[in-house]
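Below: one structure, written as structure tokens.
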Amino acid sequence: MAKNVAIIGAGVSGLISLKCCLDEGLQPTCFERTEDIGGLWRFKEKVEEGRASIYKSVVTNTCKEMSCFSDFPMPDDFPNFLPNTKLLEYFRIFAQKFDLLKYIQFQTTVRNVKKHDNFSSTGKWDVITERNGKEESATFDAVMVCSGHHILSNMPLDSFPGIEKFKGQYFHSRQYKNPEGFKGKRILVIGSGNSASDIASELCRKADQVFMSTRHGSWVMSRISDHGYPWDMVVHTRFRTMLRNTLPRKIVKWMMETQMNRWFDHENYGLVPENKYLMKEPVVNDDLPSRILYGAIKVKTKVKELTETSAIFEDGSREDIDVIVFATGYEISFPFLDESIVKVEQNRVKLYKYIFPLDLEKSTLAFIGLIQPLGSIFPTSELQARWVTRVFKGLCTLPSESTMRASVETRNEKRIELFGKSLSQTLQTNHIDYLDELATEIGVKPDILSLFIKDPKLALKIYFGPCNPYQYRLDGPGKWKEARNAIFTQEQRLLKPLKTRVVKDSSMPSIASLLKILALISIILAIFFNSH
């Protein structure tokens, strides 16, 4: 008999978990507290308790070829970076294609997930839900938590002396929806992450003046990279990952700083990170530098104190303020789970490979999407779900508790070394390294050396081209016969929405391209001889 799996949440991670369960012959039931799919990416005019909230203008930071599900490319006429409405449309097409909606119980809130009486021998869970004021309980063989980590606002008001005296308006970025109602205001945005940068860039079109207060600074990059290609198709390649993992740290840090300052000098704009050699997630924003350049946004230091009508900064400067937006992130929270099952400490949960709790007799509880890769979350959640469903089915096994515990501690030490101790970086991980780690567990990591012999053209694409999700469908469990073709046609889907005006093709190999090829050959030879 197929195992019954409870899935909590029908956002990105919940939808792909549903499909992965069906692919493995499991019987899923998804509980979604709202009336529709989409989770974080479904915009609503009003903030709702218990669900993620976005502003109307949110656009993806990762492009469609790097963010699609691995056996379901996005339509070729979709833009490369998707407004939230367009991404939601993709989710609807995906759900319809694989007939997922019939497995979702909408407007059903999970109140409690607890061990069944015979959990130690069966690994079963009792899931208590509420719908229309009525509670129900059902027993499942396994549970996949897909509720995300953008629900509980982090509002560190204790760090802002005088906030109780401030007579203006203040709120968390979760409450922000659009710039209407802020005309002529002097606005202070606390933070310099993606939300802070988006909101500041949007508000400055209406406001009298916008200020951004940052403690640590941020690297800022554009969605547009070399030759107009999406940044992640240029940055996330296996070749670049190999260089980062092979070259001395000093060289890697220098390369990173040089790359980040190619667009503009961050020091001149007051944005340079306090510790610029940490691999902190960069901000992806096409407007921020220009808004700073013409004075619509002014970057400030940390707020020292607030008065009734103004903010005093660490550098002694003072600005009159009408509105404060706290873009200060979120706290991880699972109100339906007891601390004896999973405990959040310093905004961190100890999970094996960011997925499995360590202290359970049976590994039948998994967290999907509780991670912040330096790349798209979609293929990450998918590989997590593919692995988890095979663990539930008994096709993949986990190591001993002691081995998992040691792995968690080692990973955390490495995370701190790479990304720092900030509570906002507790879920951070390298993108391709983590994808390959999960793919190895499943048995779907591309064998580059073998491919160089059997299919050298494909091997070159995989190694030097974008590391897109299709690579993990070429072979092994879940093999998709169209994966190779999807890899070779990705540029067609990338260019289709751009070429809305027919122009005469005047392309020819440039000297710059030839020099890049020669430089590439030199680097490969240098690495080869250094390793021998």
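With θ taken as phi - 60° and the Karplus curve 6.51 cos²θ - 1.76 cosθ + 1.60 applied, the whole-hertz 3J(HN,Hα) list for the stretch 468-483 is 8, x, 4, 4, 8, 10, 6, 8, x, x, x, 4, 10, 5, 8, 4 Hz, x standing for glycine and proline.
Taking the convex hull of the alpha carbon atoms in the stretch 151-244, what volume per residue do you get, in Å³?
On the way: hull volume 15.3 nm³, N = 94.
Cα-based convex hull of the stretch 151-244, divided per residue, equals 163 Å³.
In the assembled protein chains, residue 429 presents an accessible area of approximately 10 Å² (probe radius 1.4 Å). Between the amide H of residue 38 and those of 11, distances stay under 5 Å, these residues lying 5 or more places away or on another chain, with hydrogens modeled in the peptide plane.
Per residue of the chain, what 222 nm ellipticity follows from adding -39500 (n - 2.57) for every DSSP H run with n ≥ 4, rounded to the nearest 500? Could you put the intermediate results ahead of the total?
Values: 17 runs with 172 residues, N = 532.
Calculated at 222 nm, the ellipticity per residue is -9500 deg cm²/dmol.
Each part reduced to its alpha carbon centroid, the stretch 404-420 and the stretch 191-242 end up 27 Å apart. Once C-alpha pairs closer than 8 Å and six or more residues apart are averaged by separation and normalised to the residue number of the stretch 364-446, the relative contact order reads 45 percent.
Report the local net charge at residue 45: Lys and Arg +1, Asp and Glu -1, summed over other residues whose C-beta lies under 9 Å from its C-beta. Can you show the working numbers first?
Working: positive: 44, 46, 56, 177; negative: none.
Summing Lys and Arg as +1 and Asp and Glu as -1 gives +4.
With r as the distance between the Cβ atoms of residue 480 and residue 331 and R0 = 41 Å, compute the FRET efficiency 1/(1 + (r/R0)^6) and round to 0.05. Mind dumping the intermediate values first?
Details: r = 38 Å, r/R0 = 0.93.
Once the sixth-power term is evaluated, E becomes 0.60.
Amide H contacts under 5 Å for residue 351: none, restricted to partners 5 or more places along the chain or on a different chain, H placed in the peptide plane at 1.01 Å from N. Phi-derived couplings, Karplus 6.51 cos²θ - 1.76 cosθ + 1.60 at θ = phi - 60°, listed residue by residue for the stretch 217-226: x, 7, 6, 10, 10, 8, 5, 9, 10, 3 Hz, with x used for Gly and Pro.
Candidate membrane-span-like segments in the chain, meaning DSSP H helices with Cα atoms spread over at least 18 Å of their own axis and a Kyte-Doolittle mean of -0.5 or above, are 84-97, 377-393, 511-530, with no membrane implied. Extension gain, residue 437-residue 345: 0.36 nm per intervening residue step, less the Cα-Cα distance, totals 30.6 nm. Once backbone amide H atoms are built at 1.01 Å from N, residue 172 has 326 as its partners under 5 Å, excluding neighbours fewer than 5 places away on the same chain.
In this Cβ point-charge picture (+1 for Lys and Arg, -1 for Asp and Glu), the chain has a dipole of about 980 debye about its Cα centre. Taking every alpha-carbon pair under 8 Å whose residues sit at least 6 apart, the chain reaches a relative contact order of 19 percent. The mean sequence distance of close C-alpha pairs (under 8 Å, at least 6 residues apart), as a share of the length of the stretch 271-405, puts its relative contact order at 11 percent.
The values are calculated or read from the model by the stated rules, or taken from the named source; none is laboratory data. On a predicted model such as this, the values are computed, not experimentally measured, just so you know. Quick reminder, even Gly has a Cβ in these numbers, built from the backbone with ideal geometry, and neighbours come from all protein chains shown. Ligands, DNA and RNA are stripped out before the accessible areas are found, and what is left, the full protein with its side chains, is counted by its heavy atoms. Shrake-Rupley method; radii C 1.70, N 1.55, O 1.52, S 1.80 Å.
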